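The values are calculated or read from the model by the stated rules, or taken from the named source; none is laboratory data. On a predicted model such as this, the values are computed, not experimentally measured, just so you know. Here the Cβ is made from the backbone with ideal geometry for all residues, glycine too, and neighbour counts use every protein chain on show.
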Amino acid sequence: MRTTVIGAGVIGLSCAYELAELGHTVTVIDAGAVGAAASAGNAGWITPFLSTPRAAPGAVRDAMRSFTSTEGPARMRPHPELGFADWITKFLRASTKERNRKSTAALQDFARGAHAHFDALLDRGVSFDQYTDGLAVVFKDKQNLRHYEQTVTTMRSLGYVGSVRVYRGEETRAFDPALHPDIAGALHLETERHVRPETLCQGLAKAIENNGGEVVEHDAVDRITERPVRQWSATTASGRTVVSDNIVVAAGFPTRTLLAPLGVKVPLEAAKGTSMTARGDGTAPSHPLKLYENMVACSPFGNAVRLSGTFDIGNRDYTVNHKRLDMVVRQGLSYLADWRPTNLEVEWVGHRPTSADDLPIIGPVPGHTGLYVATGHGTLGVTLGPVTGALAAREIARGETQPELEPFRLTRF
């Protein structure tokens with residue numbers, strides 16, 4: 001069987017790798033370089049604990065505030081197309097307490113095996129940079145820490161089994177000397193991990209090629225066509241046509257544009273994020289840090305540190321907004337004692353594909369045999385990439401419906 005995968009981010013590459021492992025002849029096509037879009041500059045966290053939807057109680061209030069705020073981690077900006085209003089409506093309907101709990105439970109079930117799937121990649125020879133120092137949620141305010149400890153109880157009730165330890169006051173500095181003396185405390189998720197996402201994408205791409213697959217970069221797919229005898233063709237900007245038995249569309253936010261001519265509506269929006277990766281002077285963090293009050297992610301990668309943030313819905317350009325990036329860096333550094341960036345490696349902006357209920361969209365497209373979609377992972381692409389690839393490949397290659405994917409079907413909309 002031949003399968004074309006559109007999208008060379010962590011989701012598309014994970015699907016392609018697992019399909020190649022199951023014997024499919026795979027071609028991956030991307031408009032840019034491997035892992036250069038949403039997968040490139042994110043924090044790289046593998047975190048079942050933080051696998052929760054943003055569609056939550058309070059989303060309506062926060063959305064209204066974002067129209068007038070100049071700062072803050074999340075912003076929502078109106079877009080003139082009709083589909084944007086529909087997306088907002090669905091998102092707010094998904095933000096009730098009852099629906100949020102169901103969505104959180106579904107994500108927790110899905111993410112529970114995330115670490116095992118990363119271990120499986122390493123066992124099979126996929127090479128990438130992984131760090132196993134856990135992940136700490138860091139607080140400036142004692143009240144916020146006390147409140148967040150209740151979240152641990154909630155997550156335990158939903159099946160989270162990872163080890164958690166709380167540090168307060170001076171204990172926090174002993175835990176990670178990079179933290180500012182005024183930090184109130186930290187909640188250390190001891191069993192979480194992180195990777196440098198660029199290396200994960202590069203490792204998967206190399207493994208696909210080693211399995212006989214092809215990875216085509218810098219050649220955008222313009223059109224998907226359903227052919228006779230249950231075949232599909234993908235036509236690219238350069239005029240290339242790739243014919244296959246199956247097509248997996250894992251192109252992030254552009255997925256909706258690719259599928260629209262087939263009459264398939266995918267309720268996705270772009271959530272623009274930004275990051276800075278740099279080497280610096282001072283004491284660098286020894287753990288990845290979720291800087292709670294400002295919702296900034298801080299990830300150490302060897303001698304470099306990445307500060308990432310913002311979740312700007314409706315802003316679809318690829319220009320680095322330096323006011324937003326400077327805000328992320330300034331707020332992130334306020335949690336650190338003395339580390340300061342001196343040698344900039346990269347500034348990044350990317351669009352996290354976010355569905356109307358902030359859950360992934362994974363599964364066959366009804367009415368189109370051989371067409372499969374895997375997108376909408378939002379900020380959880382790294383956490384859920386390998387498990388998405390493994391389960392999707394079983395459905396495509398073996399025809400075995402995977403119960404873990406049932407909450408994420410396109411048909412729910």
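Among 241, 235, 199, 225, which is the only one that is at pLDDT 95 or above, within 26 Å of the chain's Cα centre (by Cα) and of a type in the set (Ser, Thr, Tyr)?
199
If you go through segment 366-373 one residue at a time, do you hit one that is without any contact (Cβ under 8 Å) to a residue 40 or more places away in the chain, surrounded by fewer than 21 Cβ atoms within 10 Å (Cβ to Cβ) and farther than 30 Å from residue 181 by Cβ?
Yes: segment 366-373 contains one or more residues that are without any contact (Cβ under 8 Å) to a residue 40 or more places away in the chain, surrounded by fewer than 21 Cβ atoms within 10 Å (Cβ to Cβ) and farther than 30 Å from residue 181 by Cβ.
Being free of Cβ contacts under 8 Å to residues at least 60 places away in the same chain and farther than 20 Å from residue 77 by Cβ is the filter here, so list the residues in segment 299-324 that pass it.
303, 304, 305, 307 - these are the residues of segment 299-324 that are free of Cβ contacts under 8 Å to residues at least 60 places away in the same chain and farther than 20 Å from residue 77 by Cβ.
What are the residues in segment 77-101 that are of a type outside the set (Ser, Thr, Tyr) and more than 15 Å from residue 355 (Cβ to Cβ), if any?
77, 78, 79, 80, 81, 82, 85, 97, 98, 101
What number of residues within segment 53-85 satisfy the criterion of being modelled with pLDDT of 85 or more and surrounded by fewer than 18 Cβ atoms within 10 Å (Cβ to Cβ)?
3
Condition first: of a type in the set (Ser, Thr, Tyr) and in contact with a Leu (Cβ under 9 Å, 6 or more places away or on another chain). Now tell me which residues in segment 268-321 satisfy that.
Within segment 268-321, 274, 275, 277, 283, 292, 299, 310 qualify.
Just one of 192, 214 is farther than 25 Å from residue 367 by Cβ, buried (at least 19 other Cβ atoms within 10 Å of the Cβ) and either in contact (Cβ under 8 Å) with a residue 24 or more places away in the chain or not acidic (Asp, Glu) (or both); which is it?
Checking each option against the conditions leaves just 192.
I'm trying to understand the selection: among the residues of segment 26-45, which are out of contact with any Ser or Thr (no Cβ under 7 Å at 6 or more places or on another chain) and not charged (D, E, K, R)?
Correct list: 28, 31, 32, 33, 34, 35, 36, 37, 38, 39, 40.
Would you tally the residues in segment 1-52 being touching a helix residue (DSSP H, G or I) at 6+ places or on another chain (Cβ under 6 Å), small (Gly, Ala, Ser) and modelled with pLDDT of 95 or more?
5
Within segment 312-413, which strands (runs of 3 or more DSSP E) (wholly inside it) include 2 or more residues that are at pLDDT below 95?
Filter on segment 312-413 gives 340-355.
So which of 278, 250, 270, 297 is buried (at least 18 other Cβ atoms within 10 Å of the Cβ) and in contact with a His (Cβ under 6 Å, 6 or more places away or on another chain)?
270
Do we have any residue at all in segment 140-159 that's buried (at least 21 other Cβ atoms within 10 Å of the Cβ), over 21 Å from residue 381 (Cβ atoms), in the same structural domain as residue 295 (by TED's automatic domain parsing) and touching a strand residue (DSSP E or B) at 6+ places or on another chain (Cβ under 8 Å)?
Yes, because at least one residue in segment 140-159 is buried (at least 21 other Cβ atoms within 10 Å of the Cβ), over 21 Å from residue 381 (Cβ atoms), in the same structural domain as residue 295 (by TED's automatic domain parsing) and touching a strand residue (DSSP E or B) at 6+ places or on another chain (Cβ under 8 Å).
Any idea which residue in segment 217-235 is surrounded by the fewest Cβ atoms within 10 Å (Cβ to Cβ), counting only those that are among the aliphatic types (A, V, I, L, M) and under 17 Å from residue 249 (Cβ atoms)?
Quick first cut of segment 217-235, residues among the aliphatic types (A, V, I, L, M) only: 220-221, 224, 229, 234.
With the extra rule that they be under 17 Å from residue 249 (Cβ atoms), the set shrinks to 220-221, 224, 234.
Numbers: 220: 15, 221: 23, 224: 20, 234: 23.
The residue in question is 220.
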